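*Asks:* Submitted below is the structure of interest, expressed as structure tokens.
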Protein chains: 4
Amino acid sequence: METPVRVGVIGTGRIGRLHAELLERRVPGLSLAAVFDTDAAAAQAVGTTYRASVASSAEELIASPGVDAVAVCSSAATHVDLIVASAAAGKPIFCEKPLSLSLAEVDRALAAVAAAGVLLQIGFNRRFDPGHKLVRDAVAAGDIGDLHLVRISSRDPDPPTRAYLEVSGGLFLDTTIHDFDMARFVTGSDVVEVFARGAARVDPSVAELGDVDTAVVTLVHEDGVLTTIDNSRRAVYGYDQRVEAFGSAGLATSENLPAHGGVVRTVDGARSARLPYFFLERYIPSYVGEWEAFAAALREGTPSPVSGADGRVPLVLGLAAQRSAREGRPVRADEIAP
Amino acid sequence: METPVRVGVIGTGRIGRLHAELLERRVPGLSLAAVFDTDAAAAQAVGTTYRASVASSAEELIASPGVDAVAVCSSAATHVDLIVASAAAGKPIFCEKPLSLSLAEVDRALAAVAAAGVLLQIGFNRRFDPGHKLVRDAVAAGDIGDLHLVRISSRDPDPPTRAYLEVSGGLFLDTTIHDFDMARFVTGSDVVEVFARGAARVDPSVAELGDVDTAVVTLVHEDGVLTTIDNSRRAVYGYDQRVEAFGSAGLATSENLPAHGGVVRTVDGARSARLPYFFLERYIPSYVGEWEAFAAALREGTPSPVSGADGRVPLVLGLAAQRSAREGRPVRADEIAP
Amino acid sequence: METPVRVGVIGTGRIGRLHAELLERRVPGLSLAAVFDTDAAAAQAVGTTYRASVASSAEELIASPGVDAVAVCSSAATHVDLIVASAAAGKPIFCEKPLSLSLAEVDRALAAVAAAGVLLQIGFNRRFDPGHKLVRDAVAAGDIGDLHLVRISSRDPDPPTRAYLEVSGGLFLDTTIHDFDMARFVTGSDVVEVFARGAARVDPSVAELGDVDTAVVTLVHEDGVLTTIDNSRRAVYGYDQRVEAFGSAGLATSENLPAHGGVVRTVDGARSARLPYFFLERYIPSYVGEWEAFAAALREGTPSPVSGADGRVPLVLGLAAQRSAREGRPVRADEIAP
Amino acid sequence: METPVRVGVIGTGRIGRLHAELLERRVPGLSLAAVFDTDAAAAQAVGTTYRASVASSAEELIASPGVDAVAVCSSAATHVDLIVASAAAGKPIFCEKPLSLSLAEVDRALAAVAAAGVLLQIGFNRRFDPGHKLVRDAVAAGDIGDLHLVRISSRDPDPPTRAYLEVSGGLFLDTTIHDFDMARFVTGSDVVEVFARGAARVDPSVAELGDVDTAVVTLVHEDGVLTTIDNSRRAVYGYDQRVEAFGSAGLATSENLPAHGGVVRTVDGARSARLPYFFLERYIPSYVGEWEAFAAALREGTPSPVSGADGRVPLVLGLAAQRSAREGRPVRADEIAP
């Protein structure tokens, strides 16, 4: 067995800790080498748990000879600088979504990556969910014929904290961005028009941030396929994540599974379990999958399974959705990125 | 047991024949008295099968003392005149959707009904489907809290004939009209804005009729609820009819059932039955239900369970959807019916 | 279209009325010609509803030149005489299960049928249930490899009346008999040993009749396959009817479907509909199917799809089950019918 | 947070490694302190992975002051001696099933545990499976009324190695033993009679060992409830684990879930995922659950959630099943353990 690729994780919040654990324990070919967080205590805790070194700065982590690759899991505003620095150090990069909230910044990052010729993979983990992937594979294999419609429901179990919301970029860039990626992934076709309607229904106070927590988005793809997306920040019955593709020869769908298979049937009907509650339960296989793909791309020198361009387009669509919701009209993608 | 109400059925095409059978055989309190169709042979066949008299004209049927109530099942263009005539004869009326393709005509019909003080029930049978009804009842009972989102998929197994398409009024008035009604029924809230995108994907030649066979519609309701609808004229895997309502306290959904419960599990996975193929299989309980409601309203003198106004609003929304698709912008309902 | 075969129905209790309706309305190629019941008013009501003539005796019905085939739907004790009479009249026969509660009587009936060379089909309708049939077809096609285990749950929604119970022959001959047939149908292998345990749990008073209402039966088939059956006279959550076959290459199973597809999901889990409540709802397609098979066998001159021998063997197994439960030991089929 | 209880694991085969991982990583309040295996390399590998010390003998591990509790995960023949030694050392014990293949030996172990007054928990992990637990809880809460029938299907995805089979005690003691425990757990009633039929169908060569790999067992409980169990060593479609309880007021059932929620629907029907393949996937939550219960019992001084007696009875039933299969008759539990 070859030596594992040693990954340094920048940012040890919820998602960074998850990646640290998976890298160390679940993904053959990768290991956790070092961590850094501006919250030193948080970084230390993760380092201790997983026996990884704790860097005193992101720069130190990136420069460390013991770090072969960098996982950027810090807040969105820091992503581009860290990508640029990692690229300059010639190290492959995994970066959480969104790449940035600014297209110009994204372009700066992608230019640096291109110049350095390093691997950049964006954290659109849902592409690696077994059910969602089956939908895409069925489309790609022609199992459902010509594609006509895609329908995505993506509803979180609970809203994030106010502090997170304030830097999140808003629902369309923080949450729907996964669905924009999924729409492209499933259809294999780019999006030309976005129509979005949103509202602050879960927590009216998010309106103060100019944000929404409930939304419906319609996408028109280049090849005429129509996608509908609906989002909510709070589905009390669990993490509701569904993707379906409808075509001339059938339907491919990724449905939710209950938390367990217990059912009670009485004269009043049946009652059964709710959905698994959180992304740590629901999407673990997809997180493992994205790291396996990262390891494979490094090992085999193949292109990124979720490239920088794959990270850029959903940002365009998110910005289009924001404008659409604001202006009450469909917005063409080329209005945002001509 | 009281004497059943004797119903005369005008129009013995597919839906008229179905109503004839249900009236005669499945709905206590109602019976089939007479039929009429411009295709005399078709009418005669139905009359023979169900031992009903065959009228030589719609007028004769309406005037017949043996006919207590009139079921209007002929093509959409004839509905208003038949309603007006039936109202003038003082007879309760059941009318298939759509009431008409013209708002002015609808208003003429409703005025006649109001003047005569007769019962008018519109054939939005899906309100009586047990699964769909459960969704609405859960919303009305507050079981899912404040309503945020409604999602409707309504996909027919096969397109109608070209001849039918030519007089159908197009997808939005012929098919989506059921979903507009369902959106109002489930939410209990009127619709203020419609955004529609459609395409001729199943059969590109419907574009010659200015029609589409695949569509996505977003509705904004008065109370802020957002509804998405998707339609197709052909779902090869069966009749796909789903309604869901999402709220602060949960989800109520009406899912498809397979044609039967057989499953084969092998090392390659499971295979199971497709969906029931046609509306005659899928929606029979709802057709029986609407007739039971009709009989109950007559017996008890209660208001129509699906009133003329309930028939008019979906037409407004269908016209708004047509305009939206044509002009590429959201259309307010009050642009159509100020 | 050829002239339909005119069927006379003897016995217009619950099952006879069902057959009368299906013959008249649902099965192309068959029609209802006449009915008879010792309860003349019951017979008259069915005759009136379906416009069939009402015979004044079973003999008259059997002899009538307007009756091409006879459906024996009267109580079990009358079956053999009616079969013998119908055979003597040279008329094809459909007979409800059980053929008789006496093997000697069954043999008398089968001898008469053989002598007359008429078609005899036993009413094991479940063979024609689409889900159950899929299980058998999967086995027969080798889709699940070598068969190892069969598992049948067959639970009625409600016990019959005391009067019915008194002449029913007991649970094993009245209810389990369907499952004995199903075990043979699915496996295609005869049964060599029966072990049964039963109890009066639903209604302790059936113990006074020497009967049980709850049972578990194990069958050893000639080819080594093991079948388990469980029965109850009352499943309050609906009519629970499941069959599964397990083999070296997989599992084929016929599962219950809920009454409708409505589901409500909340923080407490999901609630959904109960099972359809009665055999009139659950098994209609199988009753239609058995009549279609009867019509086809007559039309094409093919052997009975459920022959007299198929009716005899389950009686042997039912008697073996009775003895097994009584004596507390496995009983070989050849102890009953050497 | 209090200091975790340090557990030493004896036996680092498949199940021992699983427990080591869970103890170290998944169960708050417990940690992995030491491991031992007669295969020193295997023990060393586990020790290295989880940073636990590696003992040079079971005795050393048991005696170690750094070991607060002992997990006995070695082969069945060693269990009793290790329990006796651990009890003598005053240490709480977790022991995998079966306790032993000999009742006399079990009694020696239980006597030692009783004398020492230490906690002994048997590894019947399935009691802690969320779905199975729901079945038991529904019964205990009276949600399904008086219990009438229990039905258990327990089918492994693949047979163990021949070497394992030779020391396993046979299907009834190795596999069905879990189901005997489940039957007691769900019903809360002891078993008075066992009837078993088995065959070597998956691999005819197990007959050389006097073993079977396919079986059906009927249990009569003290309170009259009837349980059926079916087993197979190979279910190619995945790990098939179902438990259901049927009573006067309903049904509680623990059904299998597919590996993921992807479904493809075409004109030919639906295809979906197979079941999760192995116990490491299927039963992880139950293994975590049993350790949480162990920790809680230690912390709170409460009785063992799965006591030594709970370990002994299934052995009696397994021996009764062996005798029943051999002698072709139902065997009373008190024939084995008067």
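The values are calculated or read from the model by the stated rules, or taken from the named source; none is laboratory data. These numbers were taken from a predicted model, which means no experiment stands behind them. Methodologically, a virtual Cβ is constructed for each residue, glycine included, from the backbone with ideal geometry; neighbour enumeration extends over all protein chains shown.
*Asks:* Being more than 17 Å from A:Cys95 (Cα to Cα), of a type outside the set (A, V, I, L, M, F, W, C) and buried (at least 19 other Cβ atoms within 10 Å of the Cβ) is the filter here; which residues of the stretch A:7-52 pass it?
*Replies:* A:Glu24, A:Gly47
*Asks:* Now a separate question. Could you run through the stretch A:58-76 and say how many residues are among the hydrophobic types (A, V, I, L, M, F, W, C) and modelled with pLDDT under 95?
*Replies:* Going through the stretch A:58-76 one residue at a time, the tally reaches 1.
*Asks:* Related question: Given the condition in contact (Cβ under 8 Å) with a residue 12 or more places away in the chain, part of a helix (DSSP H, G or I), among the β-branched types (Val, Ile, Thr) and more than 9 Å from every other protein chain (Cβ to nearest Cβ), answer yes or no: does some residue in the stretch B:147-161 qualify?
*Replies:* No, the stretch B:147-161 contains no residue that is in contact (Cβ under 8 Å) with a residue 12 or more places away in the chain, part of a helix (DSSP H, G or I), among the β-branched types (Val, Ile, Thr) and more than 9 Å from every other protein chain (Cβ to nearest Cβ).
*Asks:* Do you know which residues across the stretch B:41-57 are more than 14 Å from every other protein chain (Cβ to nearest Cβ) and touching a Leu at 6+ places or on another chain (Cβ under 6 Å)?
*Replies:* Answer for the stretch B:41-57, where residues must be more than 14 Å from every other protein chain (Cβ to nearest Cβ) and touching a Leu at 6+ places or on another chain (Cβ under 6 Å): just B:Ala55.
*Asks:* Still on this model: When you scan the stretch B:168-177, do you find a residue that is at the interface with another protein chain (Cβ under 9 Å from one of its Cβ atoms), within 21 Å of B:Asp310 (Cα to Cα) and either surrounded by 16 or more Cβ atoms within 10 Å (Cβ to Cβ) or touching a residue at least 12 places away in the same chain (Cβ under 8 Å) (or both), even just one?
*Replies:* Going residue by residue through the stretch B:168-177, those that are at the interface with another protein chain (Cβ under 9 Å from one of its Cβ atoms) are none.
No, because not a single residue in the stretch B:168-177 is at the interface with another protein chain (Cβ under 9 Å from one of its Cβ atoms), within 21 Å of B:Asp310 (Cα to Cα) and either surrounded by 16 or more Cβ atoms within 10 Å (Cβ to Cβ) or touching a residue at least 12 places away in the same chain (Cβ under 8 Å) (or both).
*Asks:* Let me ask something else. Give the residues of the stretch C:250-266 that are touching a strand residue (DSSP E or B) at 6+ places or on another chain (Cβ under 7 Å) and without any contact (Cβ under 8 Å) to a residue 40 or more places away in the chain, sorted by residue number.
*Replies:* Of all residues in the stretch C:250-266, those touching a strand residue (DSSP E or B) at 6+ places or on another chain (Cβ under 7 Å) come to C:250-256, C:258, C:261-266.
C:Asn256, C:Pro258, C:Gly261, C:Gly262, C:Val263, C:Val264, C:Arg265, C:Thr266, listed by residue number.
*Asks:* Suppose we filter the stretch C:111-122 for residues that are closer than 14 Å to C:Arg312 by Cβ and under 20 Å from the mean Cα position of the chain (by Cα); how many remain? Talk me through it step by step, then tell me what you get.
*Replies:* Step one: list which residues in the stretch C:111-122 are closer than 14 Å to C:Arg312 by Cβ, which gives C:111-114, C:120-122.
This time we only want the ones that are under 20 Å from the mean Cα position of the chain (by Cα), so: C:113, C:120-122.
Final tally of qualifying residues: 4.
*Asks:* Which of (1) closer than 20 Å to C:Asn256 by Cα; (2) hydrophobic (A, V, I, L, M, F, W, C); (3) free of Cβ contacts under 8 Å to residues at least 12 places away in the same chain is the odd one out, the single condition D:Phe246 does not satisfy?
*Replies:* (3)
*Asks:* Which of the numbered conditions does B:Ala77 fail, given that it passes all the others? Conditions: (1) assigned to a helix (DSSP H, G or I); (2) buried (at least 20 other Cβ atoms within 10 Å of the Cβ).
*Replies:* The failed condition is (2).
*Asks:* Filter the stretch B:19-35 down to the residues that are more than 14 Å from chain C (Cβ to nearest Cβ) and in contact (Cβ under 8 Å) with a residue 60 or more places away in the chain and list them by number.
*Replies:* The answer is B:His19, B:Leu23, B:Val27, B:Gly29, B:Leu30.
*Asks:* Here's a follow-up. Among the residues of the stretch B:107-124, write down those that are part of a helix (DSSP H, G or I) and surrounded by 24 or more Cβ atoms within 10 Å (Cβ to Cβ).
*Replies:* Step one: list which residues in the stretch B:107-124 are part of a helix (DSSP H, G or I), which gives B:107-116.
Correct list: B:Ala109 only.
*Asks:* Please identify the pairs in which a residue from the stretch A:232-243 that is in contact (Cβ under 8 Å) with a residue 40 or more places away in the chain has its Cβ atom under 7 Å from the Cβ atom of a residue that is among the small types (Gly, Ala, Ser) and in a strand (DSSP E or B), counting only partners at least 6 apart or on another chain.
*Replies:* A:Val236/B:Gly250; A:Asp240/A:Ser153; A:Gln241/A:Ser154; A:Arg242/A:Ser153; A:Arg242/A:Ser254; A:Val243/A:Ser254
*Asks:* Still on this structure: Is it the case, given these coordinates, that B:Phe180 is crowded, with 24+ Cβ neighbours inside 10 Å, under 19 Å from the mean Cα position of the chain (by Cα), of a type in the set (Phe, Trp, Tyr) and modelled with pLDDT of 95 or more?
*Replies:* Against the criterion (crowded, with 24+ Cβ neighbours inside 10 Å, under 19 Å from the mean Cα position of the chain (by Cα), of a type in the set (Phe, Trp, Tyr) and modelled with pLDDT of 95 or more), B:Phe180 qualifies.
*Asks:* Another one. Quick one: which residue in A:Ile144, A:Ile62 is of a type in the set (Val, Ile, Thr) and within 14 Å of chain D (Cβ to nearest Cβ)? It would help to see each step written out before you state the result.
*Replies:* On the way: A:Ile62 fails: within 14 Å of chain D (Cβ to nearest Cβ).
Of A:Ile144, A:Ile62, the one residue that is of a type in the set (Val, Ile, Thr) and within 14 Å of chain D (Cβ to nearest Cβ) is A:Ile144.
*Asks:* Could you check how many residues of the stretch D:259-285 are out of contact with any Pro (no Cβ under 8 Å at 6 or more places or on another chain), farther than 20 Å from A:Val139 by Cα and crowded, with 21+ Cβ neighbours inside 10 Å?
*Replies:* Total meeting the criteria: 1.
This table checks each residue for (1) of a type outside the set (D, E, K, R); (2) farther than 26 Å from C:Pro160 by Cβ.
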{"residue": "C:Thr12", "(1), (2)": "yes, no"}
{"residue": "C:Arg26", "(1), (2)": "no, no"}
{"residue": "C:Leu30", "(1), (2)": "yes, yes"}
{"residue": "C:Phe36", "(1), (2)": "yes, no"}
{"residue": "C:Ala58", "(1), (2)": "yes, no"}
{"residue": "C:Ala89", "(1), (2)": "yes, yes"}
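*Asks:* Taking the stretch C:286-329, which residues are buried (at least 22 other Cβ atoms within 10 Å of the Cβ) and closer than 26 Å to C:Asp211 by Cα?
*Replies:* Within the stretch C:286-329, C:Gly311, C:Pro314, C:Leu315, C:Leu317, C:Gly318, C:Leu319, C:Ala320, C:Ala321, C:Gln322, C:Ser324, C:Ala325 qualify.
*Asks:* Where residues in the stretch A:127-141 are crowded, with 21+ Cβ neighbours inside 10 Å, under 19 Å from the mean Cα position of the chain (by Cα) and among the hydrophobic types (A, V, I, L, M, F, W, C), which of them is nearest to the other protein chains (Cβ to nearest Cβ)?
*Replies:* The residue in question is A:Leu134.
*Asks:* Next up: How many of the residues making up the stretch B:16-46 are over 20 Å from B:Ser56 (Cβ atoms) and among the hydrophobic types (A, V, I, L, M, F, W, C)?
*Replies:* Qualifying residue count for the region: 5.
*Asks:* So, in the stretch C:298-322, exactly how many residues are away from chain D (no Cβ under 14 Å) and either assigned to a helix (DSSP H, G or I) or basic (Lys, Arg) (or both)? Let's see the steps before the verdict.
*Replies:* Step one: of the stretch C:298-322, the residues away from chain D (no Cβ under 14 Å) are C:298-320, C:322.
With either assigned to a helix (DSSP H, G or I) or basic (Lys, Arg) (or both) added as a condition, the list becomes C:298-300, C:308-320, C:322.
Total meeting the criteria: 17.
To keep it simple, each residue is scored yes or no on (1) of a type in the set (S, T, N, Q); (2) more than 19 Å from the chain's Cα centre (by Cα).
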| residue | (1), (2) |
| --- | --- |
| D:Gly198 | no, yes |
| D:Leu209 | no, yes |
| D:Asp213 | no, no |
| D:Val225 | no, yes |
| D:Ser232 | yes, no |
| D:Arg242 | no, no |
| D:Ala245 | no, yes |
| D:Ser248 | yes, yes |
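*Asks:* Which of (1) touching a Lys or Arg at 6+ places or on another chain (Cβ under 7 Å); (2) buried (at least 23 other Cβ atoms within 10 Å of the Cβ) does B:Leu147 not meet, given it meets every other one?
*Replies:* Going through the list (1) touching a Lys or Arg at 6+ places or on another chain (Cβ under 7 Å); (2) buried (at least 23 other Cβ atoms within 10 Å of the Cβ), B:Leu147 breaks only (1).
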